[in-house]
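Data first, discussion second: the structure below is written as structure tokens.
The values are calculated or read from the model by the stated rules, or taken from the named source; none is laboratory data. Just so it is clear, the model here is predicted, and its values are computed rather than measured. Don't worry about glycine lacking a Cβ; one is built from the backbone with ideal geometry, like all the others, and counts go over all protein chains shown. All accessible areas refer to the heavy atoms of the entire protein, side chains included, with ligands and DNA or RNA removed. Shrake-Rupley method; radii C 1.70, N 1.55, O 1.52, S 1.80 Å.
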Amino acid sequence: MASDVQVLESAVVRFAGDSGDGMQLTGSQFTTSTALSGSDLATFPDFPAEIRAPAGTTFGVSAFQINFGAKSIKTVGDRPDVLVAMNPAALKVNIKNLRHGGLLVVDTGAFSKRNLQKAGYDVDPLSTHELEAYQLVELDISKMTLEAVKEFGLGNKEALRCKNMWTLGLMLWMFSRKREPVIAWLEKKFAKLPDIAGANVAALNAGHAFGETAELSVHFKRYQIGATHSVPGIYKTVTGSQALSWGIAAGGELAGLPIVLGSYPITPASPILHTLSNMKELGVVTFQAEDEIAAICAAIGAAYGGALGVTSSSGPGIALKGEALGLAISTELPVVVINSQRGGPSTGLPTKTEQSDLYQAIYGRNGDAPMPVIATRSPGDCFEAAIEACRIAVKYMTPVMLLTDGFIANAAEPWKLPDLDSIEPFKVTFAEAPEEGAEFNPLKRDEVTLARHWPKPGVAGTEHRIGGIEKSFDTGHISYDPENHQKMTDTRMGKVDGIAGDIPAQDVDQGEDSGTLAVVGWGSTYGPISEAVKAAREDGLNVSHIHIRYLNPFPANLGALLSSFDKVIVPEMNTGQLKTVLRDKFLVDAKPLNKVSGQPFTIQEILDVIRAEASS
């Protein structure tokens, strides 16, 4: 075995195994150790929808991919450099992603005849030439794990559960990561089960020691990946769901309002409910409703009562909330509606990512029911996007749709803790009673924003009627007058359109503000688009990257900016929804690049299209 440590700028590692093999836990602990080493990183948890698919089957495979390096990391990496396959099914599902020449580590102890059959192998691939394009390392991880933990007296099943820690120990050795954070976590997690804690620590140490002492192939080396030179500050590894939840809580603080979340559990939005439920000390109230309709109605009721209402779901749940969304628009109450998008339609691909709810967000209600829509682009960006959703909701007295997706929700990246004192508050002032003898009009509006004032229940003189039936512009009473309905419809539309003057002008993320080709994206396509455009520009191509946060209304300068490019392509994880909206709004001949596989774009997929368009 070569003794020299090889320095790398970055590496992509993918752990894959059965759903019961603890691959998500393994990946998250490798991530923690990597973050503490100062490397930049991006992660991609990829797991099945079934609570517990049959062990050893391909549709029960769970995987966790991490791209980490001593440079800025914006994607999870196109192809792993290292694949750890804990059984034949994991190998079959993931081998196509491993780069040629990459390192393949397999647990031969799991390659039994039965497991091979369940994975769909007629012949053991380890005995053929099928894997000759890779650096294959065959280890009986199961056997070595049993040997490492035998002193703790565990049953065979419990002992084998420790093999993910053996594997983690080996990978920590390979990439010069520290074991101490993992050991501390294990001892805390299993504090009441000392034998389990001890066995897992022993397996971790055994895997690490194996890397140090075993006579392995010359391909099995130790690597060193340094820290990134980040902006000084305190960093924390966060998922999108965590950062979004913290942003919502911060939005309540900045508005001077309590947060009331009405939610119903649904993948991949449930972690928002879990996170906010642990923030009671910040005035956050969470309510797990009996269904999606009750959840949003509770949020609307809270907003009527003077709180900032929030509700969270995914596409199917947002569909159920549709009628109540119209009510929130009609009553003009501030509610932040979080949509963690997933593969559809219907139940679709519950644990896979997609961007196919843009039409739903912009148009998906009965009547002319305009609503602001903004989108996050990365886990860390969720914090700022959530605050902005809160600001717009209370300033314009409107529900706001905040779009994220399954990839952003579950992925993790280092995030610099913000200086909260530097964020401008947007404190709310509630409506007061009119002068004695005057009638209170709940639809009295700000002349600039067109937002109605916000009467808080219990304030004498501000009693009023509210509901989904059309109201008079002048009095707030029920009105069926045709001209009034026209005026109210135009006013609600004008209020949302006017937000375009209160959001930043659209910038160009990379490149010039005019030229041959613009690659326009939104949401979680940010990373692969950014890296593809960077590579294309290094090749001398005239290409720019524009990434849109504000999807309704668009930034005021977006139309002019797009028209300054000869060609526009729009990569989306749907069948072309933003492309269609851009064509409708600006008559721009935007070309789609669509992917609906449940997996994020690779850099190469976008780069190939950029090269083709730029040269045609």
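Some observations on this one:
- DSSP-assigned coil residues among GluC sites (Glu not before Pro) in segment 505-606, each with at most 16 further Cβ atoms within 10 Å: Glu512
- Surface per residue (accessible, 1.4 Å probe) for segment 232-377, Å²: 33
- Charge tally in the Cβ shell below 13 Å around Glu439, where Lys, Arg are +1 and Asp, Glu are -1, Glu439 excluded: -2
- Mean accessible surface per residue for segment 481-616, computed with a 1.4 Å probe while every protein chain stays in place, in Å²: 40
- Potential extension, Lys113-Ser597 segment - 0.36 nm per residue separation minus Cα distance: 171.1 nm
- Cross-link partners of Lys150 among aspartates and glutamates, defined as those whose alpha carbon lies under 12 angstrom from its own and excluding same-chain residues fewer than eight positions apart: Glu158, Asp195.
- In this structure, the amide hydrogen of Gln510, modeled 1.01 Å from its nitrogen in the peptide plane, lies closer than 5 angstrom to those of His545, counting only residues at least 5 positions away or on a different chain.
- For the chain, the longest principal axis of the alpha carbon atoms and the long axis of helix 163-174 meet at an angle near 80°.
- Of the solvent-accessible surface of the chain, computed with a 1.4 Å probe and all protein chains present, 53% belongs to carbon and sulfur.
- Between 0 and 90 degrees, the angle of helix 23-36 with respect to the longest Cα principal axis of the chain falls at about 80 degrees.
- Across segment 95-123, the residues whose backbone nitrogen lies under 20 Å from the label position 7 Å along the beta-carbon direction of Tyr223 are 95-107.
- Between Ser127 and Asp195, the contour length at 0.36 nm per residue exceeds the alpha carbon distance by 20.7 nm.
- Local electrostatic count, Asp589, Cβ distance below 14 Å [Lys/Arg +1, Asp/Glu -1]: +2
- Taking every alpha-carbon pair under 8 Å whose residues sit at least 6 apart, the chain reaches a relative contact order of 11 percent.
- Here the spin labels are modelled as points 7 Å beyond Cα on the Cα-Cβ line, and at Glu512 and Met493 they lie 3.8 nm apart.
- Which listed pairs, of Lys74/Lys280; Lys188/Lys236; Lys178/Lys352; Lys534/Lys585; Lys163/Lys188; Lys118/Lys157, have C-alpha distances above 23 Å, in listed order: Lys74/Lys280; Lys178/Lys352; Lys534/Lys585
- Charging the Cβ of each Asp and Glu at -1 and of each Lys and Arg at +1, and nothing else, the dipole of the chain about its Cα centre rounds to 1260 debye.
- For segment 343-426, the relative contact order is 28 percent, taking Cα pairs closer than 8 Å that sit 6 or more residues apart in sequence and dividing their mean separation by the residue count.
- Distance distribution note for segment 59-119: the fraction of Cα pairs above 18 angstrom is 40%.
- Selected from Ala35, Asn164, Gly309, residue furthest toward positive end of dipole (the chain; charges at beta carbon): Asn164
- Annotation: for a label point projected 7 angstrom from Cα along Cα→Cβ of Ser277, residues of segment 247-270 with backbone N closer than 14 Å are 261-267, 269-270.
- Listed peptides 162-171, 285-294, 143-152 by packing density, highest first (mean Cβ within 10 Å): 162-171, 143-152, 285-294
- Taking every C-alpha pair closer than 8 Å and separated by at least 6 residues, the mean separation divided by the residue count of segment 450-520 gives a relative contact order of 20 percent.
- In the chain, a dipole from Cβ-located charges (positive for Lys and Arg, negative for Asp and Glu) runs towards its positive end, and of Ala319, Leu551, Ser346 it is Ser346 whose Cα lies farthest in that direction.
- Applying a DSSP loop filter and a limit of 14 other Cβ atoms within 10 Å to the GluC sites (Glu not before Pro) in segment 294-380 leaves nothing.
- Oblate is the label for segment 231-316, because the ratio a/c of its alpha-carbon gyration tensor axes (a ≥ b ≥ c) is 1.5 or higher and a/b is not greater than b/c.
- Cα gyration tensor shape of segment 297-405, rounded if a/c is under 1.5, else prolate or oblate by comparing a/b with b/c: oblate
- Length gained when the stretch Glu147-Glu187 is fully extended (0.36 nm per residue, less Cα-Cα span): 12.3 nm
- Degrees, to the nearest 10: 381-396 long Cα axis against longest axis of the chain: 10
- Mean projection area, nm², convex hull over Cα of the chain: 30.5
- Ligands, DNA and RNA are left out, and with a 1.4 angstrom probe the accessible area of segment 33-78 is 35 Å² per residue.
- Taking every protein chain into account, the 1.4 Å probe leaves Phe44 with about 20 Å² of accessible area, to the nearest ten.
- Proximal aspartates and glutamates to Lys96, defined as alpha-carbon separation beneath 20 angstrom and excluding residues fewer than eight positions away on the same chain: Asp18, Asp46, Asp78, Asp81, Asp107, Asp122, Asp124, Glu130, Glu132, Glu138, Glu605, Asp608
- Largest to smallest accessible area among Tyr235, Tyr396 [probe 1.4 Å]: Tyr235, Tyr396
- Once backbone amide H atoms are built at 1.01 Å from N, Val336 has Gly309, Val310, Thr311, Val400 as its partners under 5 Å, excluding neighbours fewer than 5 places away on the same chain.
- Net dipole in debye of segment 79-168 [+1 Lys, Arg Cβ; -1 Asp, Glu Cβ; about Cα centre; nearest 20]: 340
- Lysines whose Cα lies under 20 Å from that of Lys395, excluding same-chain neighbours fewer than 8 positions away: Lys427, Lys444, Lys456, Lys495
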